[in-house]
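Student: So that we are looking at the same thing, I have put the structure below in structure tokens.
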Amino acid sequence: MTNRLKLILASAVAALALNSAAVAQDLNVGVQNMSAYLDPGRDHSNVGSQHYYNAFDTLIEKDHTKSEPVWKPGLATSWKRISPTVMEFKIRQGVKFHNGATLTADDIKYSIDRIINTTFPPYLLRKKDFLPNIEKVDVVDAETIRVSTYREEPLFETLFNIQQTMIVPKAYMASLSGDPAKDEPSDYEAFGLKPVGTGPYKVTEFIPNQRIVYERFDDFWGEKAPFKKVTVRRIPELSGRITALKNGEVDIITNVPPDQVAIVSQDPKLRAESMVTPLFHVVIYNTQHPKMASKELRQAMNYAIDRKTLNEALWLGKATIPNTHTYPQFGGLFMPDVKTFEYDPAKARELLKKANYDGFEIRFDTGSAYYTNALLASQALKEMWGAVGINVRINVDEAWTGNKPDMMSRNWSNPMYFPDPAGSFGTMWAPEAASFAEGRFKPDASYAATWERFRFSPKLEDRRKAYGELMDYIKNDPPVLVLWQPFESYGVKKSVNWQPLPGHIPYVLDFRAGKASLASN
Amino acid sequence: MLEYLVGRFGRMLITLWVIATVVFLATRISGNPIDFLMPEGLDAQSRAAMIAYFGLDQPLMTQYLSFWKSLVDGEFGLGLMERRSVAVIFGERVWRSLSLLSATLAVTIGIGVPLGVIAAVWRSTILGNTVLLFAFIGYAIPNFVLAILFLLTFSYTLQWLPSSGSGTLAHYIMPVMALSAFFVASLVRYTRNAMLDVLSQDYMRTARAKGLSETDVILRHGLRNALIPVITVIGLQMTTLVSGAVVVETVFAWNGIGDLLVGATLRRDYPVLQFGVLIVACAVVTINLIIDLIYSAVDPRVRLGGASA
């Protein structure tokens with residue numbers, strides 16, 4: 001072989017290797033559902049939560065490898081409380097947005113203001129859920145902002161780590177439609193289609209309900225992203241997702257139910273990554289329905305359910321059965337020893353007598369496929385209720401019946417929106433939260449007072465005590481039965497290092513440095 | 001002919017107006033999109049704000065008029081779910097669906113008609129019966145079962161073909177096979193029956209007696225006469241094809257308008273749903289017109305307009 005030929009061959013091999021290295025920097029993901037818009041401030045859906053963390057940053061970061069909150073500097077390099085109601089943040093300098101603009105204190109003020117001072121209905125909802133206590137944001141100088149709250153805020157760090165307070169560029173947003181200098185609702189709509197943040201990936205293509213393409217953002221302020229390009233696309237059918245994974249079209253798939261995990265893990269090229277998700281599947285009762293008014297009846301319904309057996313049967317024993325409405329992610333407020341939900345069929349029968357239950361039919365509404373295992377679980381619940389003498393009829397309805405006044409009982413989920421009972425139990429069961437808004441939960445004044453103590457006491461011990469009292473209230477006059485934290489699985493190629501992390505809210509696909517990479521060959 | 005076309009066009013417009021109005025009313029009777037777009041935890045005040053935001057607080061007549069106005073201005077309104085112009089939403093997807101349907105139609109006719117002729121001419125032979133057997137199988141298996149069987153075989157096991165998406169020619173193979181199987185099968189059966197009728201006619205004997213070759217007899221005298229009922233069937237099946245595409249698009253994550261319409265129906269996304277039904281209706285009405293025109297080309301006895309009977 002001549003030297004020249006060798007040279008040509010060698011360079012061809014090198015070119016091939018380079019080429020495959022370039023390809024190998026790409027990641028393809030198949031998801032069950034894709035968002036219709038991407039605006040972290042407006043969204044609180046389980047579908048949206050998948051996507052934001054790759055492209056946006058919060059003022060305060062978190063160690064997502066740990067369940068309990070461990071705060072780290074984010075777009076703020078430091079923060080301190082200068083009075084019980086004022087927190088001062090020092091802003092990281094030299095941070096770039098994906099459009100090339102430099103992050104300023106004004107951008108941060110704007111990101112919060114657009115939600116707390118809004119007339120745009122979708123933002124109003126998030127203000128109500130997450131930021132009702134934030135009064136204003138003041139720019140002190142180019143490096144400093146101060147956030148004031150109406151009342152002393154024990155959750156300051158948490159609130160500046162949530163998706164809804166991720167930072168967006170003010171000038172870019174205003175320029176998107178109408179008057180380029182003015183902030184208008186049509187700008188928010190346009191932003192949802194062309195989102196820009198400061199995160200390690202920029203969104204280079206977004207087709208609502210179809211796909212997102214992220215590319216590495218080379219000017220990211222932190223450690224650079226491990227992948228040059230990440231494509232997340234919707235593959236709605238489970239069989240389609242599993243096939244695409246096996247066929248090498250995608251590297252990661254979401255929403256693999258427990259009974260399909262073996263199919264994935266039997267393939268020598270694949271593995272399943274599973275995690276107990278910080279989300280509860282629950283049963284709820286309409287306490288305001290005349291027939292459901294008896295608290296003894298609802299107590300009996302709670303005592304009738306053997307959740308351990310259901311876990312064995314439906315989740316292969318891998319779901320988590322909590323004693324009360326609590327998650328390990330709550331840190332100091334994780335209270336696994338409080339017993340709010342217990343199985344005691346004898347007690348259930350006794351309570352039914354007390355309630356003078358005459359065997360009338362109780363309708364239980366469920367969707368057929370919305371929650372994993374929902375229909376199977378509903379049928380098992382019906383049997384367990386039947387075993388103590390409660391007559392339940394399962395009603396599968398196409399439309400959402402949770403907010404209809406004739407609802408008697410139904411299934412629901414209580415996700416953890418941020419790692420504090422206020423961000424899970426609170427979003428659903430605070431005195432004026434979702435359940436009250438839908439008219440099926442009207443707690444008394446004592447509950448509201450306990451809630452206030454829980455939410456705003458500066459001392460952790462006081463908050464713990466108050467939360468225990470709230471759980472006693474729930475046990476005594478139950479509007480809800482927490483079933484389990486579902487066991488959710490992903491299918492992953494062995495050549496990819498990735499797993500869901502316990503420090504995130506449910507369903508986040510985190511492809512940042514240190515969280516995802518290609519296994520070295 | 002011109003008179004006929006103008007009349008037909010006028011009737012087409014009336015049909016479309018009726019369909020659009022029925023869809024407009026039916027969607028509004030079937031539920032409020034707020035319950036489907038934002039199901040959880042809305043108090044009365046937020047609910048009212050969101051209803052106003054989506055423009056659903058307007059009187060029905062105002063909504064109806066702005067629906068027609070949106071058709072005229074070419075934007076077709078703003079999708080409730082995606083909050084962008086319905087024209088853009090459909091623009092992204094319509095060619096994908098049309099290409100899938102065209103490929104399916106081409107395969108259906110290209111395979112179905114010749115096989116039908118073969119099944120008729122070689123009836124009661126192994127060849128004819130084999131064709132018929134496959135036709136029965138194709139007719140009996142629902143397209144979504146077939147789609148999943150194909151996925152299992154060609155993607156999951158053999159790993160020859162991409163399982164989802166719509167980027168390359170290879171992406172077309174399985175969806176087109178799954179979608180066309182039923183239509184090929186029914187076309188084979190219709191063509192076979194029509195051919196059998198024709199083959200026993202006197203003029204076939206005459207054609208042979210004239211000394212024409214057997215190929216000429218079968219194709220020019222036989223098939224041409226047999227085609228009229230077959231064309232009717234193809235026309236009717238085009239509409240079934242659209243509904244079949246909805247299922248197949250979902251299985252193969254095709255991101256076409258079938259998939260879009262299913263989502264819009266579940267969420268009561270009025271603007272998307274109204275426009276989607278309208279264009280499907282347009283397609284069906286146009287296909288019917290084309291079928292009528294083809295009749296007259298195939299059978300000179302059919303005179304459109306009836307003036308020169």
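The values are calculated or read from the model by the stated rules, or taken from the named source; none is laboratory data. Bear in mind that the values here come from a model prediction, so they are computed numbers and not experimental data. All Cβ positions, glycine included, derive from the backbone under ideal geometry; neighbour counts span all protein chains shown.
Student: Report, by residue number, each residue of the stretch B:36-65 that is loosely packed, with under 14 Cβ neighbours inside 10 Å and free of Cβ contacts under 8 Å to residues at least 24 places away in the same chain.
Tutor: If the condition is that a residue be loosely packed, with under 14 Cβ neighbours inside 10 Å and free of Cβ contacts under 8 Å to residues at least 24 places away in the same chain, then B:44, B:45, B:52, B:57, B:59, B:61, B:62, B:65 are the ones that fit.
Student: Identify the residue in the stretch A:204-229 that is within 21 Å of the chain's Cα centre (by Cα) and surrounded by 23 or more Cβ atoms within 10 Å (Cβ to Cβ) and, among all such residues, is farthest from the other protein chains (Cβ to nearest Cβ).
Tutor: So the residue we want is A:214.
Student: If you take the residues in the stretch B:44-71 that are closer than 20 Å to residue A:185 by Cα and of a type in the set (Gly, Ala, Ser), which one is nearest to the other protein chains (Cβ to nearest Cβ)?
Tutor: It comes out as B:49.
Student: With the condition being under 30 Å from residue A:316 (Cβ atoms) and not small (Gly, Ala, Ser), I'd like the helices (runs of 4 or more DSSP H) fully within the stretch A:409-507 carrying at least 3 qualifying residues.
Tutor: A:425-429, A:460-476
Student: Under 30 Å from residue A:237 (Cα atoms) and buried (at least 18 other Cβ atoms within 10 Å of the Cβ): is that true of residue A:435 in this structure? Show your work before the answer.
Tutor: Numbers: under 30 Å from residue A:237 (Cα atoms): no; buried (at least 18 other Cβ atoms within 10 Å of the Cβ): yes.
Against the criterion (under 30 Å from residue A:237 (Cα atoms) and buried (at least 18 other Cβ atoms within 10 Å of the Cβ)), residue A:435 does not qualify.
Student: OK, next. Would you check if there is a residue in the stretch B:89-98 being within 30 Å of residue B:230 (Cα to Cα), crowded, with 19+ Cβ neighbours inside 10 Å, more than 9 Å from chain A (Cβ to nearest Cβ) and of a type in the set (Val, Ile, Thr)?
Tutor: No: the stretch B:89-98 contains no residue that is within 30 Å of residue B:230 (Cα to Cα), crowded, with 19+ Cβ neighbours inside 10 Å, more than 9 Å from chain A (Cβ to nearest Cβ) and of a type in the set (Val, Ile, Thr).
Student: In addition: Going by what's in this entry, would residue B:113 be described as within 25 Å of residue B:219 (Cβ to Cβ) and either part of a loop (DSSP other than H, G, I, E, B) or under 20 Å from the mean Cα position of the chain (by Cα) (or both)?
Tutor: Yes: the conditions hold for residue B:113.
Student: When the stretch A:108-136 is examined, which residues are found to be of a type in the set (D, E, K, R) and away from chain B (no Cβ under 14 Å)?
Tutor: Matches in the stretch A:108-136: A:109, A:113, A:114, A:135, A:136.
Student: Please work out which one of (1) away from chain B (no Cβ under 14 Å); (2) crowded, with 20+ Cβ neighbours inside 10 Å; (3) of a type outside the set (D, E, K, R); (4) touching a residue at least 24 places away in the same chain (Cβ under 8 Å) is the condition residue A:407 fails and give its number.
Tutor: Of the numbered conditions (1) away from chain B (no Cβ under 14 Å); (2) crowded, with 20+ Cβ neighbours inside 10 Å; (3) of a type outside the set (D, E, K, R); (4) touching a residue at least 24 places away in the same chain (Cβ under 8 Å), the odd one out for residue A:407 is (1).
Student: Please count how many residues of the stretch B:22-35 are touching a residue at least 40 places away in the same chain (Cβ under 8 Å) and either more than 7 Å from every other protein chain (Cβ to nearest Cβ) or loosely packed, with under 14 Cβ neighbours inside 10 Å (or both).
Tutor: 7
Student: Residue A:158 versus (1) more than 14 Å from every other protein chain (Cβ to nearest Cβ); (2) free of Cβ contacts under 8 Å to residues at least 24 places away in the same chain; (3) not in a loop (DSSP other than H, G, I, E, B): which is the lone unmet condition?
Tutor: So the condition that residue A:158 fails would be (2).
Student: Right, something else. Output the helices (runs of 4 or more DSSP H) that fall wholly within the stretch B:193-309 and possess 2 or more residues being touching a residue at least 12 places away in the same chain (Cβ under 8 Å) and closer than 29 Å to residue B:168 by Cβ, or say none.
Tutor: Once the helices (runs of 4 or more DSSP H) in the stretch B:193-309 are filtered for at least 2 residues that are touching a residue at least 12 places away in the same chain (Cβ under 8 Å) and closer than 29 Å to residue B:168 by Cβ, what remains is B:224-251, B:257-267, B:270-298.
Student: Applying the selection to the stretch A:325-342, what residues are surrounded by fewer than 22 Cβ atoms within 10 Å (Cβ to Cβ) and closer than 17 Å to residue A:454 by Cβ? I'd like the intermediate steps shown before the answer.
Tutor: So in the stretch A:325-342, the residues surrounded by fewer than 22 Cβ atoms within 10 Å (Cβ to Cβ) come out as A:328, A:331-339, A:342.
Residues satisfying the conditions are A:331, A:332, A:333, A:334, A:335, A:338.
Student: Still on this model: For the stretch A:247-362, which helices (runs of 4 or more DSSP H) that fit wholly inside it have 1 or more residues that are of a type in the set (Val, Ile, Thr)? Walk me through it before giving the result.
Tutor: Values: elements: A:261-265, A:295-303, A:307-315, A:345-354.
Result: A:261-265, A:307-315.
Student: Among (1) surrounded by 14 or more Cβ atoms within 10 Å (Cβ to Cβ); (2) under 30 Å from the mean Cα position of the chain (by Cα), there is one condition residue A:178 misses while meeting the rest; what is its number?
Tutor: Condition (2) is where residue A:178 drops out.
Student: Looking at the stretch A:104-129 only, could you name the residues that are within 24 Å of residue A:426 (Cβ to Cβ) and among the polar types (S, T, N, Q)? So that I can check it myself, show each step before the final result.
Tutor: Quick first cut of the stretch A:104-129, residues within 24 Å of residue A:426 (Cβ to Cβ) only: A:111-118, A:120-129.
A:111, A:117, A:118 - these are the residues of the stretch A:104-129 that are within 24 Å of residue A:426 (Cβ to Cβ) and among the polar types (S, T, N, Q).
Student: Hey, another quick one. So which residues in the stretch A:274-310 are under 27 Å from residue A:65 (Cα atoms) and crowded, with 19+ Cβ neighbours inside 10 Å, if there are any at all?
Tutor: Listed by number, the residues that qualify are A:277, A:278, A:279, A:280, A:281, A:282.
Student: I'm told residue B:82 meets every condition in (1) within 14 Å of chain A (Cβ to nearest Cβ); (2) in a helix (DSSP H, G or I); (3) closer than 30 Å to residue A:118 by Cα except one. Can you identify the failing condition by its number?
Tutor: (2)
Student: From (1) within 14 Å of chain A (Cβ to nearest Cβ); (2) touching a residue at least 60 places away in the same chain (Cβ under 8 Å), pick out the condition that doesn't hold for residue B:113.
Tutor: Unmet for residue B:113, out of (1) within 14 Å of chain A (Cβ to nearest Cβ); (2) touching a residue at least 60 places away in the same chain (Cβ under 8 Å): (1).
Student: I would also like to ask the following. Are there any pairs with C-beta distances below 8 angstrom linking a residue in the stretch A:353-381 that is under 18 Å from residue A:302 (Cα atoms) to a residue that is modelled with pLDDT of 95 or more and basic (Lys, Arg), with the two at least 6 apart or on different chains, and if so which?
Tutor: Taking only residues 6 or more apart or on different chains, the pairs are A:360/A:291; A:361/A:393; A:362/A:291; A:362/A:393; A:363/A:393; A:364/A:382; A:364/A:393.
Student: When you go through A:61, A:68 one by one, which is the residue that is assigned to a strand (DSSP E or B) and either of a type outside the set (A, V, I, L, M) or in contact with a His (Cβ under 8 Å, 6 or more places away or on another chain) (or both)?
Tutor: Result of the check over A:61, A:68: A:61.
Student: Taking the condition of being surrounded by fewer than 23 Cβ atoms within 10 Å (Cβ to Cβ) and in a loop (DSSP other than H, G, I, E, B), how many residues in the stretch A:43-54 meet it?
Tutor: 5
Student: When you scan the stretch A:196-210, do you find a residue that is modelled with pLDDT of 95 or more, among the polar types (S, T, N, Q) and in contact with a helix residue (DSSP H, G or I) (Cβ under 7 Å, 6 or more places away or on another chain), even just one?
Tutor: no
Student: With the condition kept exactly as written, say whether any residue in the stretch B:281-303 is modelled with pLDDT of 80 or more and within 12 Å of chain A (Cβ to nearest Cβ).
Tutor: no
Student: Please determine whether any residue of the stretch B:121-128 is small (Gly, Ala, Ser), loosely packed, with under 13 Cβ neighbours inside 10 Å and either touching a residue at least 40 places away in the same chain (Cβ under 8 Å) or part of a helix (DSSP H, G or I) (or both).
Tutor: no
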